Amino acid sequence: MIFLVKCMFFRNIKITKDYFSLVKFKNKYLIIFIIIDLVNVLVSLLVPYFISLIVENVTNKLYNISFIFVIILGITYLFNKIGSYFTNWCYANFFKEAYVEVHETLVNSIYNFDEEYSKKISIGKIINSSNTDIINIAEIPSFIIELSIELVKLLVIYFVFAKQSILVALYVISIDLIYYNFARKCNEKNTFYLKKQRNYADKITGMLSQILIGLKDVKSFGIGDKLNNKLDGYRKRWQESYFLKRKFYFTRKTLVGLIIDFGKIILYFIMIILLIKGKIQIAMFLLLISYYDKAKDSINDIMGFDVSIMEEAVSLYRINEIINYGNNALKVDGMIDNDDIIGLVEFKNVSFKYNRLPILKNISFVANPNQVTTIVGKTGTGKTTIFNLLLRMYKVDSGNILIDNVNIYNYSKNVYNSNISIVNQKTFIFNMSIRANLSLIDSNKKRQIDACKRAGIHDFIMSLPKGYNTVLKEDATNISGGQKQLLSLARALLTTSEIILLDEVTSSLDPNTTNKIITLLDDLKTDHTLIVITHNRDLMKVADKLIVLNNGKIECIGKHMELLKNNDIYRKLYDA
């Protein structure tokens, strides 16, 4: 028994440490909860004692004393219930703060994710953890405290038995030990299958998320049945895991519970014999039988709390896995806080490998302020990698990337992020009003209007019934792709970045919108450094500088007409 309790103790100590390494704040409500709960549980042990005294005094016709103990019993019940109310009130106050802290920590870690996170952590797991798992860990401190208090309560009960008879106490402890051993095995199996159940739930959620994102393709290709077949596989495995988890749960509650029940039958025989021999009084007979039930309840509570702790620990470690991934991702935060950046970008002999595969090979170029520098090349030549390196998502293997002749990794996070921004080919707009989307960057209404006018989207916004208060659907599906791209450019202008990266911003846009963007770029370069990745001929023509990539190397640098005349690779790219 001592060994098993010791194993449970050290396991739960580790879970407690891991929980409070996640929930770091100190909270008075948790301390008050512990004190009141401990007192409350110990008071509950007085109830059988007072009942036995009432029965004994009634049996001996001492009715006045019986009435006194009835009143005391009533006060005990009242105190116990009021104590229970305040323990719950205190714990609710504790966890409402804990939920906010854990959710904030998890979301902040997601902001640090690199481009490869989906290979390690599924979107389904992230979504489930941000909701279900954070709620699931709510009771970990409560369960651990309750379990500890139940152990104290159990020791008090064993002490009462030992005071009457060492042999009876050893018998009760033996029954509890056998019960605990079988119940513990059921708990471990229960937790094992819970983990599997949660993993399959992640896969189901992740697949459903992908179906929603690609719903148009699902419909147009008619692949719903095939996707359902894949989901059926996950659902069946979820069913199996759920059933086996429940099987070990109800096995513990029913069949394993027979050990305690038959142990009580034998205890009745023992106690009756002791009563016949005059070794105990009727009041003690009633008290010990009641305490045996209390011991059974305590063991059940301990097992229940133990399995709940293990189940909630599954959620705790799922959350920690996500947070640790974010915390261990590349984090760059230099010491230079100088925000007076002009925007001169230079790559000096930069090489970079991904999964040991060379992507960039000793490339060097300069992107000047007040110019449009355009990077062109076939898919897979390293164009996007250049942007990822500029965004400090990775570190170069060799060479240096400089902004204003300072290594980019030496700038502080705040300064660097405020001076470089990107407009992606597939930019994302949030399910909120146009005003709210822009306010995520800058809440000043005048600057929002100025940015939208400069981006050429203001007139369209004002033509909408609610203007800037128009609510956009998720990813702005209720406006056109061109309007969405112009809105993204307006959002980038609000950042006050000196350097703007534009990744295939004219892809799939109509010629009219493309011309708007080209005109806008000509305006923006007057006070920005613009670096553009494109396959668009018109953007190639107007670029101040073209950088042609080929197999991770710079093939040539120049202007459109010069390269068209002198370089075969550029000519083929342009013709393609």
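The values are calculated or read from the model by the stated rules, or taken from the named source; none is laboratory data. Computed from a predicted model, the values in this text were never measured in an experiment. With ideal geometry, Cβ positions are generated from the backbone for all residues, glycine too; neighbour counts draw on all protein chains shown.
Structure values in brief
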item: Residue among Ile135, Ile110, Ile149, Ile175 that alone is β-branched (Val, Ile, Thr), assigned by TED's automatic domain parsing to the domain that holds Gly257 and within 30 Å of Lys279 (Cβ to Cβ); result: Ile175
item: Any hit, segment 144-162, residues being closer than 30 Å to Gln210 by Cα, in contact with an Asp or Glu (Cβ under 7 Å, 6 or more places away or on another chain), surrounded by 15 or more Cβ atoms within 10 Å (Cβ to Cβ) and among the aliphatic types (A, V, I, L, M); result: no
item: Spans of helices (runs of 4 or more DSSP H) in segment 80-172 with at least 2 residues polar (S, T, N, Q); result: 140-164
item: Selection status of Leu286, in a helix (DSSP H, G or I) and surrounded by 16 or more Cβ atoms within 10 Å (Cβ to Cβ); result: yes
item: Candidate set: segment 263-297, residues that are in contact (Cβ under 8 Å) with a residue 24 or more places away in the chain and among the basic types (Lys, Arg); chosen: the one nearest to Lys163 (Cα to Cα); result: Lys279
item: Single residue of Gln448, Gln425 found to be in contact with a Ser or Thr (Cβ under 9 Å, 6 or more places away or on another chain), in the same structural domain as Glu498 (by TED's automatic domain parsing) and not in a loop (DSSP other than H, G, I, E, B); result: Gln448
item: Pairs, first in contact (Cβ under 8 Å) with a residue 60 or more places away in the chain and part of a helix (DSSP H, G or I) in segment 14-39, second aromatic (Phe, Trp, Tyr) and surrounded by 18 or more Cβ atoms within 10 Å (Cβ to Cβ), C-beta under 8 Å, six or more apart; result: Tyr29/Tyr91; Tyr29/Phe94; Leu30/Tyr91; Leu30/Phe94; Phe33/Tyr91; Phe33/Phe94
item: Sole residue being within 30 Å of Ile35 (Cα to Cα), among the aliphatic types (A, V, I, L, M) and without any contact (Cβ under 8 Å) to a residue 40 or more places away in the chain, chosen from Ala162, Ala138; result: Ala162
item: Qualifying residue in segment 392-412 (condition: of a type in the set (Lys, Arg), modelled with pLDDT of 85 or more, within 28 Å of the chain's Cα centre (by Cα) and in the same structural domain as Leu501 (by TED's automatic domain parsing)); result: yes
item: Residue selected from segment 234-258 under the condition more than 32 Å from the chain's Cα centre (by Cα) and among the hydroxyl-bearing types (Ser, Thr, Tyr), by the criterion surrounded by the most Cβ atoms within 10 Å (Cβ to Cβ); result: Thr251
item: Evaluation of Arg392 against (1) surrounded by 20 or more Cβ atoms within 10 Å (Cβ to Cβ); (2) outside any loop (DSSP other than H, G, I, E, B) (one fails), failing number; result: (2)
item: Residue check for Val160: assigned by TED's automatic domain parsing to the domain that holds Ile309 and either within 30 Å of Gly278 (Cα to Cα) or among the aromatic types (Phe, Trp, Tyr) (or both); result: yes
item: Yes/no for Glu56 being surrounded by fewer than 18 Cβ atoms within 10 Å (Cβ to Cβ), assigned to a helix (DSSP H, G or I) and among the acidic types (Asp, Glu); result: no
item: Criterion violated by Met432 - all others in (1) in contact with a helix residue (DSSP H, G or I) (Cβ under 7 Å, 6 or more places away or on another chain); (2) surrounded by fewer than 19 Cβ atoms within 10 Å (Cβ to Cβ) satisfied; result: (1)
item: Scope segment 361-391; condition farther than 23 Å from Asn567 by Cβ, among the polar types (S, T, N, Q) and over 30 Å from the mean Cα position of the chain (by Cα); matching residues; result: Asn370
item: Where Ile422 falls short, out of the listed (1) modelled with pLDDT under 90; (2) within 28 Å of Ser507 (Cα to Cα); (3) surrounded by fewer than 18 Cβ atoms within 10 Å (Cβ to Cβ); result: (3)
item: Search result, residues across segment 458-494 that are β-branched (Val, Ile, Thr), outside any helix (DSSP H, G or I) and buried (at least 19 other Cβ atoms within 10 Å of the Cβ); result: Ile479
